[in-house]
Structure formats: C-alpha cells, structure tokens
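Remarks on the structure that follows.
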Amino acid sequence: MILFLIVFLCLPLAAQDAPKRSVAFTYDDLPNGGAQLPLDQLTAMTTKLVDSLRQAKIPAIGFVNESKLDVEGERPQRIALLQQWLNAGFPLGNHTYSHPDINKVPMLSYQEDILKGEQVISGLMKEHGQTLSWFRHPFTHTGNTEQARETLEGFLQRKGYRIAPFTVETSDYMFALIYRNALEKGDQAAATRIRTAYVDYTERMFGWFERLSQDTLGYELPQILLIHANQLNADALPGLTAMLGRRGYSFVSLEKAMKDEAYRRRDGYVGDSGPSWLHRWAIAANKPSRLRDEPDPPSWVVELYREQSK
Ligand SMILES: [Zn+2]
C-alpha cells in the first residue's frame with residue numbers, strides 16, 4: 001500500500017519534470033555527404049537511413065546537391081535514391097548544385113548554381129504533390145558582407161525559397177570519415193568506438209545548445225539538427241534517437257520546428273563562418289559571443305580526421 005502511494009505520488013511529478021523538448025532532423029549533401037560511396041553502398045546506406053527514419057516515425061528533410069547525380073551511367077539510379085526519401089514522406093530541399101562557398105565565388109555564379117540545383121528536385125517534389133521551398137546554404141555560409149547577405153536573401157525570396165537554419169551541429173563529417181575508413185578496413189571495434197563517441201559528443205552538443213537557447217531566448221526552442229546523409233548516420237540513428245529520447249525530445253518536422261517565434265528573429269551574423277542560429281540571434285541581441293566556447297570533438301577523433309583527410 002505504501003509503495004503504491006509512493007508510486008502514485010511520484011508519477012505526476014516525474015511527468016511534470018520530463019522536459020518537453022523537440023528537434024527536427026535535417027540531412028545535408030544528399031544523396032551522400034563526404035567521400036562518395038560507390039552506387040551499391042550508397043543504395044544500401046540510403047535504404048537503411050530512410051527506412052530507419054520512417055520506422056521510428058522521425059520526420060526528416062534532405063538537402064540535395066544535384067551534381068552528385070551526374071555520374072555517368074548512374075543518373076537514373078541516383079535519382080531513384082532521392083525518390084526513396086520522397087516515397088518515405090520526406091521532402092527535399094535545395095543545397096545548390098555543386099556546393100559552392102558564397103564567400104569564394106561571384107554572386108552571379110552562386111545564384112546560377114542554386115537554379116541548376118533545382119532542375120531535378122523541383123520536378124520530383126511536384127510528382128509528390130509538394131512545392132520545392134527550402135534552401136540551405138553550403139557550409140551554412142550566408143555571406144561575409146551585409147550586401148552579399150542581403151542580395152542573396154532577396155534572390156532566394158524572389159525564387160520562392162525559405163532559408164533553412166540550424167541550431168545544433170555535431171562535426172559529424174569528422175566522425176563519418178574515420179568511421180568509413182574503419183569499416184573499409186573491417187575494423188569493427190574501431191567503428192563501434194567511433195559510433196559511440198559520436199553519440200556521446202552529440203549529447204554534449206545538445207546539452208550545450210540547450211543552455212545557449214536558455215541564455216539567449218530564455219527558453220529551449222525546438223532545435224534543428226544539421227547532419228549529413230552518410231553511413232555513420234545510417235548506423236548511429238538508433239543510438240542518437242535513444243539518447244535524445246532520454247533527454248525528453250520528440251521529433252518534429254523542420255516546418256513545425258520553425259513555427260516557434262525564435263525563428264522570426266533577426267540573424268545578426270555577418271562573417272566567414274556558418275554558425276548556429278542561436279549564436280546569430282545572440283549577436284543580434286548584443287550578447288557576448290560564445291562562438292569559441294562550443295565543445296570540440298574528442299581530440300583523438302580530430303587527430304584521426306586530420307591524418308586521414310590529408
Ligand atoms: Zn553541405
């Protein structure tokens with residue numbers, strides 16, 4: 001009886017204490033981020049990632065570089081990979097044709113690259129009763145002068161695009177490269193170690209950006225996670241979702257996350273890098289910059305990445 005009472009009294013408290021957090025998963029560089037996989041591995045990776053997301057009922061969106069479709073003799077198969085995302089209910093966004101850096105190419109050629117990047121996906125979206133509307137800047141570089149940023153924003157608006165921001169990223173490309181190399185060597189122990197470190201580091205980054213959200217906005221906004229379509233994320237998805245579930249997260253679409261009023265705030269950042277929108281809003285609100293305080297990935301991961309990406 002006493003035990004029953006304790007359980008009864010604690011239940012509402014526990015439910016009340018569970019933070020109501022949400023996150024939108026956004027995948028960049030479709031069909032495949034980082035070093036390019038051969039078609040058979042790319043197909044297996046896409047199938048695993050898309051099926052796992054669908055089975056776990058996680059809304060997602062994929063940002064495409066159409067240059068990666070242009071492989072001789074493989075174009076139909078590569079377009080079919082994008083169809084897999086759409087068939088599973090996940091919209092596609094434009095991430096430019098060839099992933100140029102706005103800080104390094106002339107504005108006009110950047111804009112041409114955006115238009116070249118919608119040739120296939122706008123039709124695919126239409127076939128699925130949707131309109132292409134999301135754009136994400138490569139490297140999330142939005143322009144290193146006020147003028148460049150405004151010119152580009154005006155262009156995107158005229159073409160009917162909404163900019164997809166992000167709030168959390170995890171340097172997943174570093175983990176992904178050394179993970180793939182471990183798998184290629186057949187070193188399962190190393191692969192497991194890297195995957196575990198990746199989930200742990202992702203948790204640290206969520207904790208850090210949850211606090212930055214509190215400090216900047218006074219509450220935790222629906223987060224937007226930026227990661228890449230790669231084997232690591234296909235394999236680590238159960239670990240990531242279990243970790244986020246423990247932290248009280250539910251999974252929402254980009255569209256839904258962006259209904260939060262924070263996403264109507266002004267982006268105050270003009271510069272060479274592509275920081276989280278939480279930093280950008282902090283800068284706009286004249287709060288001290290925390291750009292340099294983000295936790296780094298484990299040093300052994302950074303070292304392996306440096307060695308292997310030479
Ligand atoms: Zn990218």
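We did not get these values from a lab; they are worked out from the coordinates using the rules stated. Bear in mind that the values here come from a model prediction, so they are computed numbers and not experimental data. Cβ: placed from backbone, ideal geometry, glycine included. Neighbour counts: every protein chain shown.
Given R0 = 35 Å, the distance between the Cβ atoms of residue 133 and residue 299 translates into a calculated FRET efficiency of 0.30. Taking 7 Å steps out from each Cα toward its Cβ at residue 75 and residue 273 produces label points 4.0 nm apart. Neighbours of residue 249, meaning other residues whose beta-carbon lies under 12 angstrom from its beta-carbon, give a summed charge of +1 when Lys and Arg score +1 and Asp and Glu score -1.
Rounded, prolate or oblate: which fits the stretch 81-138 when a ≥ b ≥ c are the square roots of the eigenvalues of the alpha-carbon gyration tensor, with rounded for a/c under 1.5 and prolate only if a/b beats b/c? The shape class here is prolate. Report the net charge of residues surrounding residue 208, where surrounding means a beta-carbon distance below 15 angstrom and charges are Lys +1, Arg +1, Asp -1, Glu -1. So the environment of residue 208 carries a net charge of -3.
Of the peptides 78-90, 287-299, 177-189, the ranking by mean beta-carbon count within 10 Å, highest at the top, reads 78-90, 177-189, 287-299.
Working note: 222 nm ellipticity from helices only, DSSP H runs with n ≥ 4, each -39,500 (n - 2.57), summed and divided by the residues of the chain, gives -16000 deg cm²/dmol to the nearest 500. Sum up the charges of everything whose Cβ sits under 13 Å from the Cβ of residue 270, counting Lys and Arg as +1 and Asp and Glu as -1, but leave residue 270 out. Every neighbour counted, the sum reads -2.
Once backbone amide H atoms are built at 1.01 Å from N, residue 250 has 21, 22, 23 as its partners under 5 Å, excluding neighbours fewer than 5 places away on the same chain. A Cβ-based charge dipole, computed about the Cα centre of the chain with Lys and Arg at +1 and Asp and Glu at -1, lands at about 620 debye.
Ranked for footprinting exposure by Cβ neighbours inside 10 Å, fewest first, 259, 159 give 259, 159.
In order along the stretch 139-150, the phi-based Karplus estimate (6.51 cos²θ - 1.76 cosθ + 1.60, θ = phi - 60°) of 3J(HN,Hα) comes to 6, 6, 7, 10, x, 9, 9, 3, 5, 4, 4, 5 Hz; Gly and Pro are listed as x.
Could you give the length gained by full extension between residue 39 and residue 214, i.e. 0.36 nm per residue of separation minus their alpha carbon distance, to one decimal place? Numbers along the way, then the final one.
Working: separation 175, 0.36 × 175 = 63.00 nm, distance 4.34 nm.
Computed gain between residue 39 and residue 214 is 58.7 nm.
As a proxy for reagent exposure, 54, 306 were ordered by neighbouring Cβ count within 10 angstrom, fewest first; the result is 306, 54. The distance separating the Cα centre of the stretch 89-120 from that of the stretch 35-50 comes to 22 Å. If R0 equals 35 Å, the separation of the Cβ atoms of residue 112 and residue 185 corresponds to a calculated FRET efficiency of about 0.30.
Counting neighbouring Cβ atoms within 10 Å and putting the fewest first, the residues 279, 128, 228, 99 line up as 128, 99, 228, 279.
Distance between the pseudo-spin-label points of residue 159 and residue 147 (7 Å out from Cα toward the beta carbon): 2.1 nm.
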